[in-house]
Structure formats: C-alpha cells, structure tokens
Amino acid sequence: MSLESTPLPAGARASRRAPLLAAGLIVIAALMAYANSFQAPFVFDDERAILANATIRQLWPLTVPLSPPPDAGGVIARPLVNLSLALNYAVGKTSVRGYHLFNVGLHAASALVLFGIIRRTLLRSAGAENAPWLALAIALLWTVHPLQTESVTCIIQRTELLVGFFYLLTLYLFIRGAESPQPARWFAGATLSCLAGMASKEVMVTAPVLILLYDRTFAAGSFREAWRRRKGLHLALASTWLLLAWLVAGSPDRSGVAGFGAGISVWENLLTQCRALVLYLKLSLWPHPLVVDYGTGVVKTATEVLLPGMLVLLLLGGTCFALWRRPVLGFLGAVFFLILAPSSSFVPLASQTIAEHRMYLPLAAVLALLVAGARSLLGMRGVVFALLLVLPATWATVQRNRVYASELSLWSDTVARRPDNPRAHINLGHVLESLKRFPEAIASYEAATRLQPDSPQGYVHLASACFASGQPELALRHASTAVRLDPDDPDARVNLGVVLASLGRAEEALPHYRVALRRQPKASDVHAHLAAALLTLGRLGESVEHARLSLGLQPDRAQTWSDLARALLQQGDLAAAREAGARALTLQPAFPTALSLLGSIESAAKNFAGAIDYQRRALAIAPEYLAARNNLAGALLAAGRVDEAISEYQQVLRERPGDRAAEANLARARTLRR
C-alpha cells in the first residue's frame, strides 16, 4: 500500500497528544532504565578510544577530532564518533557522567525516531486506530530491553548508538519525504543523515539498500516504481558509500582485527555467526545470561553448529520467500539480516566474533514481529501484554547496569559466565592489579596463559603483575617469554624494556623500545619509556627529542614532563627545565618527583630559598623520598644553614645506612660548621 496514495485517517490527523505522550513515556523509560549507569567506569576499549586518545583533547581545528588515531580501538575510521567524544571531553574532561548522559540521550532520541517510523508506517495499514499504541509498545520494549545495556552503558559503544540514530533518522526522513508534496528538503536531510552514519560505523553500508526495500514495500509497491519515482534519492544515498570506502581504505590498522586478513577464514566465520545469530534471537526473547565479552573463539567444523545452521538457513529462506509473497513480514526479516550482515556474515571480525551490541538495531525488527504477532493473535490484549512487559524489562536492565558499576564486578561476572575466555581473565587480572591484589591478579593472568599458551598477551600482563609485586626476575622471565612468542608484538617489547630498565639494564632496553616504535611510531608511551632510558644513560639530546615526541602525541603525561625537565636541567637549560617541571606539577599537583626536581632547578639558579621550599613540599607528600631529603640538605648547606643540613643528612643515613654520598656530604657539612 503506497504512502502517497493513502491519506492519514481523520482520527490520526486530529490527535497530536498521543505522540507527545508517547514521547514523554519513552524518555522517562530510558532514564529509569539507565539512571544507575551514570557512574559506570570506563571499561574495555574505553581506555584506547578515550583515555589515551589525544585527538579528543581539542575541538579546533575540526580536523584534529575528525582524525582519530590509528591505535584508538573503536573510533578508528569513525570520525563522527571521535568528534562526539571530543565534545564530551571539552565539557567534562574524563568525568564518566557526561559520556553516559550523552549515550542515554542518544538512545532515547533513537527510540523516539523508531516510534515515529513505526507509527507513520502503521497509520497507513488496517487497524490504524491502534497504531500509536502498537508503535509505543515496540519502541518502549526496544528502549528498556536488557540486551541494549552493552550498547548504552559501555561508553565506546557510542559507535553503535550513533550509527543506529542516523540509520533510523535516514529512514524516518525518507518516510516524511515520501508523504510530502515537496519532498526535496526531506530527501536532502535523509542523504546528509546517511552520510553522517557512514562516518559513524561501517554498519551504515546497508542503509541505502534498506531504504530502497522500504520504498518498494510500503511506498512505491515495486522496485521498478520506486526507482522511477525516486531514482535521484536512491543514487544520492548510494553515493554515501564513497565516504565509507574512503574511511575504510585510509585505516589499514583495522586489518588485524577485521577483514579477510584477520586470521579467520570466511568459512569459519560463517559457522561462528550461525551460533551468534541463534544466540542473538534467544537473548531477544530471554536476555539471560548477558556477557560483555564472548571472546574470540571460532567454530571450526559444520557439525558443531548443525542445528543453529539449519535454523539460520530456514529463517533466511523464509525471509526471501516472505519478501516475495508477504512483503511486510519479509521486510522485518530483511532488517534483521541486512543490518547484521556487515558484522555477522562472511567478513571475519577477529576481535569479537560474538557481541551483543550488534543487536542494537536488529532488535527492533524482532520486537516489531513479536508485538505485531501478539496483536494479530490477541488483539489489543496482545499490545497491553507487551506494554506490561516494559516493567520487568526495565527492572532487568537496572540489574544488569549494577554489574557495570565497577570494573571488578563486570569482569568477575564475565569470567564466571565465560571461564574459557582468556581476554576476560586478563581484564580481571588488570583490575585486580590496579587494586594491588597481586596474588589474585597473577592467578588470573596465569589462567589466561593456560587457556592461550601461544599468545603473548597473558605473559605481558603476568610480567607486569610480577614486576609490580616486587618480583623483577620473575617478571623478566615472563616478559622474555612474551617476546619469544611474538617478536613483533609492541606490548611485549615495551614490557620487556621496562623490566630491563628497572633492573639497571637500560642499554638492553633500548632495542626493544625501538622495535615497538617501528610498529607503532605514534605510541606516546613508548617514546616516553625510551626518553627515560636514554636519560638514565646520559644521552640527553636523544632523551629530550623522544620526550617531546611523546608529549606532542599526549601532552598530559606528568612523568614525561618531569623527565624532560631533568634532561633539560642536565643540559643547563634552566628556563626550559623550569617550564617543563611546572607543566608536570600543573598536571599532577601532588607530584613529589616534580616538586623535588623544581627544587633542584632553583638550586642550580642559586635561588636557595625557593629550592628549600620545593624540597619541603615534596617531603610533606612523601616523607620517605630520600632523594628530596638529600636535595633539601644540599640546598640548606648552600644557603649557609649548616645545622639544618646536618640534621637532614643524618636523617638520610638513619633511613639508608651506608649511603656514601650522604656520608661525604655530612662530613663536608661538619667541616664547614667547624
């Protein structure tokens, strides 16, 4: 039935209150379901895409936030997502609340657009008087469904939210244009929205196809008529593929995790996605248990997924048949398969073979089919039943968000649900390590190495935990194992370099840092480690160079500013050293190393009063910081306050008996006093 040929029912034209009421209910439902998610911490890919992403630290010029770095995880080749994160950073830096508010607001906006799409489509069908209620039931269930929590609560899954919003908005604007006697502005908006979606996530590639299918099903009645009436629009929508192609072609770093070079064969991926699609359908009906990370496991043989594979083929065949004989039913099936096609078909995605967030948009088709089926069988009682389900669905989403309340609870839950997932053990170990629970962290990392003995990542983190727990020799053994397993792995190389440098073997650490830099030339942390090692070796010019390269990529590294200041001090450039030390202190006001360093700079400038003040401030924060106490004693001695200097040197020797430098300085001070 054509959109153009069927006028709106009189009752639908007369009442504008129902859509406004429905919109209010949708927004309230979204806030109720996600109100307890606003303090959920950054997790998973959030660190690379937000915390370590230097391109979101500024909004102007726009070319900076619109050019995400090649190692930024979920925002690679997605400039609009990166820009949205930059907006959040401009408002609240790394406070998670603003990021979550943006996500929930975007989710609510998408739900409103979804309601508009369903309502306007149903108003042309039989039983249009119930269209607002049916559309409300579907939109509300989609808004609060627990399967949506990963997309909404995981901040970096804003990629899914943004592409979902622009996908739905493109369809809505097309519908409005098809209804309008002057469609040009609506169709121009649809094209711009489609373009924005292409800059948000690759899933948008299917939008021009779906719009054409919607045109054929609900507007023109046939593909030929749709092409005749709106060929210009469909060509304009298809032209947005050029932007997506350009973005993907310019991001070769994705080849290691997505695409035909990701290490998974097309056949293995197809088999794995049979399991994934059936799981997605099951979770749409019964969303338990939900898992934030299913790992990277793949299905190797068809016998492992015989029944799921048969079910997927049956559903796919049924969709094709319905598109021919029952176009509306077939359209819903096509929505499910088309939107999932880029991520859940033959193109391998090695980083996550199964992921709940991929159901963000396809869930709408499943719920629409279920609610419409309930209405067909039970009449309005089916719609009422669907509306009643909103309450338990909201409660389940609130409960799921409690799992996201801390990294510890999230990864503990994930390990409990997927004990065969080595990445979950690594992430749990990382959280435990940050909490100084080293024995538990080491046990978690060891579990990862048992599950994946040929992967360097478990050994990299195991070395880190051993090093942090005061076992440098054991850390060296595990770090060396990681490099042996994958000599080109930059994380393994950096980790081994750090351990070697800490053991006083900075010269041996240098080649490992340089190998890592060949793989990741814009890695700020590697430049920083290399700068520190070179400083230890007295290679001041090279140290300054790499420190500045690191800070150019990530200017908020207080330790690197401190290292730069130390190198500049040793070069005799007191003004530049003072400026670098001040930057370190601005970034981290309670940084005893930077305070003591600034004291040394003031001593070199003969400003002994300022030097004494800085050293005392450093010791007030870290009384055990013997280098600062030594520096304080030296400044006191230089200022002629000999007795105070002697007292400080004696304190150093009480805490570190046998310190030859302190003994020599103490003897010198006593000589001066005599």
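The values are calculated or read from the model by the stated rules, or taken from the named source; none is laboratory data. The structure presented is a predicted model; accordingly, all values stated were derived computationally and were not measured. Cβ coordinates were reconstructed from backbone atoms using ideal geometry, including for glycine residues, and neighbour counts include every protein chain displayed. The area values use the complete protein model at the heavy-atom level, side chains included, leaving out ligands, DNA and RNA. Shrake-Rupley method; radii C 1.70, N 1.55, O 1.52, S 1.80 Å.
For helix 184-198, what angle does its Cα long axis make with the longest principal axis of the chain, in degrees from 0 to 90 and rounded to 10?
40
Work through the residues other than ALA664 whose Cβ is under 14 Å from its Cβ and net out their charges, Lys, Arg +1 and Asp, Glu -1.
Every neighbour counted, the sum reads +2.
If I ignore ligands, DNA and RNA and count only protein heavy atoms, how much of LEU313 is accessible to a 1.4 Å probe, in Å² to the nearest 10?
120
Could you give the size of the charge dipole of the chain about its Cα centre, using +1 on the Cβ of each K and R and -1 on the Cβ of each D and E, expressed in debye and rounded to the nearest 20?
1740
Full-extension gain between GLU663 and PHE321, please, as 0.36 nm times their residue separation minus the C-alpha to C-alpha distance.
Residue separation times 0.36 nm, minus the Cα-Cα distance, leaves 114.0 nm.
Sticking with the crude label model, points 7 Å out along Cα→Cβ, report the distance from LEU101 to TRP60 in nm, one decimal please.
2.3
Expressed as an acute angle from 0 to 90° and rounded to the nearest 10, what is the orientation of the C-alpha long axis of helix 506-519 relative to the principal long axis of the chain?
Long axis of 506-519 versus the principal axis of the chain: about 20 degrees.
Quick check: pseudo-label points 7 Å beyond the Cα along Cα→Cβ at ARG670 and ARG381, how many nm apart are they?
The two pseudo-label positions are separated by 10.1 nm.
With point charges of +1 on the Cβ of Lys and Arg and -1 on the Cβ of Asp and Glu, referenced to the Cα centre of segment 327-434, which listed residue (VAL390, ASN421, VAL328) lies farthest in the positive direction of the dipole?
VAL328
Kindly rank 79-88, 237-246 from highest to lowest mean number of other beta carbons found within 10 Å of each residue.
79-88, 237-246
Answer rounded, prolate or oblate for segment 298-431, using the Cα gyration tensor with square roots of eigenvalues a ≥ b ≥ c: rounded when a/c is under 1.5, else prolate when a/b is larger than b/c, else oblate.
In terms of gyration-tensor shape, oblate.
Where a ≥ b ≥ c are the square roots of the eigenvalues of the C-alpha gyration tensor, would you call segment 116-226 rounded, which needs a/c under 1.5, or, failing that, prolate if a/b is larger than b/c, or oblate?
The shape class here is oblate.
Starting from 0.36 nm per residue, how many nanometres of slack lie between ARG450 and LEU20 once their C-alpha separation is accounted for?
149.2 nm
Tell me the net charge near GLY640. Cut-off is 15 Å between Cβ atoms, GLY640 excluded, with +1 for each Lys or Arg and -1 for each Asp or Glu.
+3
Counting only C-alpha contacts under 8 Å and six or more residues apart, can you give the relative contact order of segment 188-241 as a whole percent?
The normalised contact order for segment 188-241 reaches 41 percent.
Listed highest first by mean packing, meaning other Cβ atoms within 10 Å per residue, what order do 27-39, 652-664 come in?
Result, highest mean first: 27-39, 652-664.
With angles folded into 0 to 90 degrees, how steeply does helix 96-122 sit against the dominant principal axis of the chain? Use alpha carbons for both and round to 10.
So the inclination is approximately 10 degrees.
Report, in cubic angstrom per residue, the convex hull volume of the C-alpha atoms of segment 510-668.
Output value, Cα hull per residue: 112 Å³.
What's the carbon and sulfur percent of segment 93-247's accessible surface, probe 1.4 angstrom, rounded to a whole number?
67
Let me have the relative contact order for segment 116-199, percent, based on Cα pairs under 8 Å that are six or more residues apart.
Once normalised by length, the contact order is 24 percent.
With an 8 Å cut-off on Cα pairs and a minimum separation of 6 or more residues, tell me the relative contact order of the chain in percent.
RCO, the chain: 10 percent.
Which of the three applies to segment 257-337, rounded, prolate or oblate, going by the alpha-carbon gyration tensor with a ≥ b ≥ c and a/c under 1.5 meaning rounded?
Taking the square roots of the gyration eigenvalues as a ≥ b ≥ c, segment 257-337 is prolate.
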